[in-house]
1. Has segment 409-425 got any residue that is modelled with pLDDT of 95 or more, closer than 24 Å to G349 by Cα, in contact with a Lys or Arg (Cβ under 9 Å, 6 or more places away or on another chain) and of a type outside the set (G, A, S)?
2. Being of a type in the set (A, V, I, L, M) and within 16 Å of W57 (Cβ to Cβ) is the filter here, so list the residues in segment 74-106 that pass it.
3. Scan the strands (runs of 3 or more DSSP E) fully inside segment 294-389 and keep the ones with 1 or more residues being crowded, with 21+ Cβ neighbours inside 10 Å.
4. Could you list all residues from segment 138-156 that are surrounded by fewer than 18 Cβ atoms within 10 Å (Cβ to Cβ) and either in contact with an Asp or Glu (Cβ under 7 Å, 6 or more places away or on another chain) or assigned to a helix (DSSP H, G or I) (or both)?
5. Take the residues in segment 271-303 that are touching a residue at least 40 places away in the same chain (Cβ under 8 Å) and among the hydroxyl-bearing types (S, T, Y); name whichever of them is farthest from L245 (Cα to Cα).
6. From the list L401, L409, pick out the single residue that is in a loop (DSSP other than H, G, I, E, B) and in contact with a strand residue (DSSP E or B) (Cβ under 8 Å, 6 or more places away or on another chain).
7. Looking at G423, G416, G447, can you tell me which residue is on the phi > 0 side of the Ramachandran plot, over 19 Å from the mean Cα position of the chain (by Cα) and either in a loop (DSSP other than H, G, I, E, B) or in contact (Cβ under 8 Å) with a residue 40 or more places away in the chain (or both)?
8. For the condition in contact (Cβ under 8 Å) with a residue 12 or more places away in the chain and out of contact with any Pro (no Cβ under 6 Å at 6 or more places or on another chain), what is the one hit in A320, A353, A306?
Amino acid sequence: MNRFLISAAHKSSGKTIVSVGLAAALRQRGLSVVSFKKGPDYIDPMWLGQASGSPCWNLDFFTMHSDEITACYRRRSHGADVALVEGNKGLHDGLDVEGGDSNAALAKQLDLPVVLVIDVTGITRGIAPLLTGYTAFDPAVGIAGVILNRVAGPRQETKLRAAVERYTALPVLGAIPRLESTIIEERHLGLVPTGEQGQVQDRIQNVAYEIARCVNIDQLLHLTTTPVVAKPVPPEVGYSNPIDLRIGIARDPAFGFYYPDDLAAFAKAGVELVPFDTLRDSCLPEVEGLFIGGGFPESFLDGLSANTGMRTAVRRFIEADGPVYAECGGLMYLCRSIHWQGQRADMVGVVPADAVVKTRPVGRGYMVFNPTPHHPWPVVAASPDKEYRVHEFHYSQLENLDNRTNMVLQVKRGHGINGQFDGFVYRNLLATYAHQRHVRDNPWVDGFVDFVRACR
């Protein structure tokens, strides 16, 4: 088995392009690849999942216990030829000044060799002190090699390789030039989701071709080979229930931010998730609840607004006391309108506010909240002193919000709707900027499913 963590000195170094290209190139060799992403993220895992041909799983110190992370990694990587973990930000970055939640800490916990992707823009001999610092800072972190990214040309590559060879013991696994074919379009929240990219597989194969051409994959595999140790695979927690409930889930280019372990939790709870398209479908499927996740509704204003049939169907479902949970983009969709780049478009209209998309993030990073006793889900309302760890990333804020609005999440860290509260409630709707993960300390899927069954 091969396993490794791809990291960098800082964010935006090209980790995702390299990770996606490697996953696809390794898969082309006939190897089974499973991918992981450190931290909270939806978009990078979409690309990694497409490249590897299987879901990408998130490993996050903030929302998961260390043993949960290890169990998830071991369970999902079991039987795969290659386990590829993409880090976030830099190798030693994190909230903890001691580095307890860094990429380096994850590499040590899971015993993963590290491949460093270095953006070499404007660097030649200066790469040597950078790499010697990284190797000396925490000797317990095993750095297998370095990939030079955004190399200007043969002259710079020669100088870089000479400096690395002269001053370090790290092998240079590859040198990737500045190539348009390796670019996946970006926008304000990061890479454009795979659901919006035309000819996704063509783009991935182009990236894979460049990575296979520029990176010594045989050397990478040689340096990251690990013996397969016969350890028991951690079992899934809990028992699966028979399917007895249908919940509609918005799955289209506007809404697609869903974690695979959350979706698995719905199935385990006895739920059939029935997809519906807010851009093309004229009505809702026959379901007993709705889940509208995050996404980019601001990029599809015309289509969402023009689909009056779906907007009317969602509004009627909510007004008829249908149970609904909406996150971030879903919250925006349920507002009176969305404003972005001088455009305004009517939305569903059950949230008495206008979602206005700004040029800078309004809420970004981890969030902590306490529920109030008025939370609509009984299991959550019963524990108002419990702190829930989630994340948020939104450029929008709600304006012209009715002062009588009922909000049930008291924000302890982060921004939420207004810096103090989040979680808009109307009838049986809960809409929030918070992105939740179904983990040990927050089995939110079970709480929502129980609520839907109670409403039934």
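1. For segment 409-425, residues modelled with pLDDT of 95 or more, closer than 24 Å to G349 by Cα, in contact with a Lys or Arg (Cβ under 9 Å, 6 or more places away or on another chain) and of a type outside the set (G, A, S): present.
2. First pass over segment 74-106, keeping only residues of a type in the set (A, V, I, L, M): 80, 82-85, 91, 95, 97, 104-106.
Answer for segment 74-106, where residues must be of a type in the set (A, V, I, L, M) and within 16 Å of W57 (Cβ to Cβ): A80, V82, A83, L84, V85, L106.
3. Those strands (runs of 3 or more DSSP E) span 324-327, 335-340, 351-357, 363-371.
4. The answer is P154, R155.
5. Only one residue fits best here, namely S299.
6. L401 is the lone residue from the list that is in a loop (DSSP other than H, G, I, E, B) and in contact with a strand residue (DSSP E or B) (Cβ under 8 Å, 6 or more places away or on another chain).
7. The conditions single out G423.
8. On the way: A320 fails: in contact (Cβ under 8 Å) with a residue 12 or more places away in the chain; A306 fails: in contact (Cβ under 8 Å) with a residue 12 or more places away in the chain.
Residue meeting the stated conditions: A353.
The values are calculated or read from the model by the stated rules, or taken from the named source; none is laboratory data. Every value quoted in this text rests on a predicted model; they were computed, and no experiment measured them. Cβ: placed from backbone, ideal geometry, glycine included. Neighbour counts: every protein chain shown.
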